[in-house]
Amino acid sequence: GKLGRYPPWPGKIVNPPKDLKKPRGKKCFFVKFFGTEDHAWIKVEQLKPYHPHKEEMIKINKGKRFQQAVDAVEEFLRKTKGKDQASSHNSTEEKNRRNSSEERGKQSAGEEKRKATLSEGKVKKGTGEGKKRVSSVSSERGSKSPLKRAQDQSPRKRGRPPKDEKDLTIPESSTVKRVMTGTVAGFKWPPSASEPVKDSDPHFHHFLLSQTEKPAVCYQAITKKLKVCEEETGSTSIQAADSTAVNGSITPTDKKIGFLGLGLMGSGIVSNLLKMGHTVTVWNRTAEKCDLFIQEGARLGRTPAEVVSTCDITFACVSDPKAAKDLVLGPSGVLQGIRPGKCYVDMSTVDADTVTELAQVIVSRGGRFLEAPVSGNQQLSNDGMLVILAAGDRGLYEDCSSCFQAMGKTSFFLGEVGNAAKMMLIVNMVQGSFMATIAEGLTLAQVTGQSQQTLLDILNQGQLASIFLDQKCQNILQGNFKPDFYLKYIQKDLRLAIALGDSVNHPTPMAAAANEVYKRAKALDQSDNDMSAVYRAYIH
């Protein structure tokens, strides 16, 4: 994993449950994280001794949850020290004893190396903890970033430590534990998040947006029971968002999944569904795009109607309102395969009127409908780190749980059909306007004799610093406009957001100005480049 971007987190090495296979590949230890009850396999090179890095760790992470974790470490050390003294053992002896016993046991050279990296261990009897969910995860799934579910426990993935990652549904066995720190991805807690849900996928958050009264921000964790899925082969391990693997704590649904549309977003989504063990049938307008997924285990559908008729839940992710309608209403379209009980989930970013129309025709045939547009880009799609905005059939939303956990880090349920479309357009309106502003600033710096790199460095040190800002500026500085989010699609979203404003007579002057700049970039043949190519609209 790219450890430099994530703060460290304190934990202790424990013995894994007997039936939990150790991942293949690099040497790693099974670690339980303080303050969260998360567990994960962490590679040797990612572990550091607690005391030497304590101050550095505290400087990096000032959150309340982290402070609670540090307090838990100190309490653990105090108790252990008391026990050690009572039995005439000091912590150094404890450590030596541990090392010798571990050396005797199964440790390989690589694991020994890890031993060296962890100091301060104390022996503590494990309390058979039942299924735990990461407390560091505030809603159903913790941030995906950390560990994604290695469903078959296979390779523990590349890793960063699990942050809110995995609440493994596995009882902790008693064993020697050492206090150490592992890096973990950071994560924001929802405003009024309740306790993390037990037994749900650790790094995934489910939010329910209560839309009673005001469109208030009332979030509740969905309590879903997802059991640990162990597969005999370590082949299906999942890599969660650009990060580590976690042992699987969710089971892929046994429902047959269909997927229509293998573009920048759809391709990554299907890949992650397959990695997590789902049965997937794919279809794409240009059939050759299906070949790679067939090799990965997907089935091929000849038409959208065939996919819908042979699958229980069919997802679609296409470019715009026209494509979404054609897919459903056209020849051999989705509607022809809909029968009572069939489920359709449209992940395309379209306007509320379009999605409402599609929902009505699907439901009129006895089908169930959910809109679930996603916020993200190609990289986040590949990493399984999308943010999913869903609305419509609540039961279908829950049935899609393992699928959403495979493809995203967070999912929000926003109520009735149309709400997700509106929210998605607003999100992309903000993002598209911000991208145009970044391009405007970089070009103004250039024409006034200022260093663009220095401007980026200054912005990265301020409150606007973000992965998005840095990546898009790097694209511009390097002249690399390979699409991560097509420019033509962000312009489409701006156009639809402006129309949304028109429908309620709400001014959107910023979006309107940005839209004109993107239209200029499209006239300069930038449609199929990344949205950052809007920069070229400013070059005289």
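Bear in mind that the values in this text are calculations on the coordinates, not laboratory data. Please read all numbers here as calculations on a predicted model, not as lab measurements. As a convention, Cβ positions derive from the backbone with ideal geometry for all residues, glycine included, and neighbour counts pool all protein chains shown.
In nm, to one decimal, how far is the LEU329 label point from the LYS79 one, both placed 7 Å along Cα→Cβ?
Here the answer is 6.4 nm between the modelled labels.
Per q in 0.10, 0.12, 0.18 Å⁻¹, report the Debye log10 I(q)/I(0) for region 237-415, using one uniform scatterer on each alpha carbon and no solvent.
With no solvent term, the Cα-only Debye profile gives -0.32, -0.47, -1.14.
In this model, which of LYS289/LYS322; LYS289/LYS519; LYS255/LYS275 are farther than 25 Å apart at the alpha-carbon?
Cα-Cα > 25 Å for LYS289/LYS519; rest within.
If you count, for each residue, the other Cβ atoms within 10 Å and average over each peptide, how do 386-396, 440-450 line up from highest to lowest?
386-396, 440-450
Determine the relative contact order of region 293-393: mean sequence separation of Cα pairs under 8 Å and six or more apart, normalised by residue count, in whole percent.
It comes to 23 percent, rounded to a whole number.
Give me the percent of DSSP beta bridges within region 237-415 that run antiparallel, rounded to the nearest 5.
Given both bridge residues lie in region 237-415, the antiparallel proportion sits at roughly 15 percent.
What nm distance separates the two modelled labels at GLN450 and THR356, each placed 7 Å from Cα along Cα→Cβ?
With each label placed 7 Å out from Cα toward Cβ, I get 4.4 nm.
Computed over the Cα atoms of region 424-537, what is the convex hull's projected area averaged over all directions, in nm²?
That works out to 7.1 nm².
If I stretch the segment between LEU292 and ASP525 completely, what's the gain in nm (0.36 nm per residue apart, minus their alpha carbon distance), one decimal?
Separation in residues times 0.36 nm, less the Cα-Cα distance, equals 81.0 nm.
I'd like the Karplus ³J(HN,Hα) series for region 264-269: coefficients 6.51, -1.76, 1.60, θ = phi - 60°, whole numbers in Hz, and an x wherever there's a Gly or Pro.
Per-residue couplings from phi come out as 4, 7, x, 4, x, 4 Hz.
Let me check I've understood the local charge: for LEU442, count other residues with C-beta under 15 angstrom from its C-beta, Lys and Arg +1, Asp and Glu -1. What total comes out?
Combined, the nearby Lys, Arg, Asp and Glu give -2.
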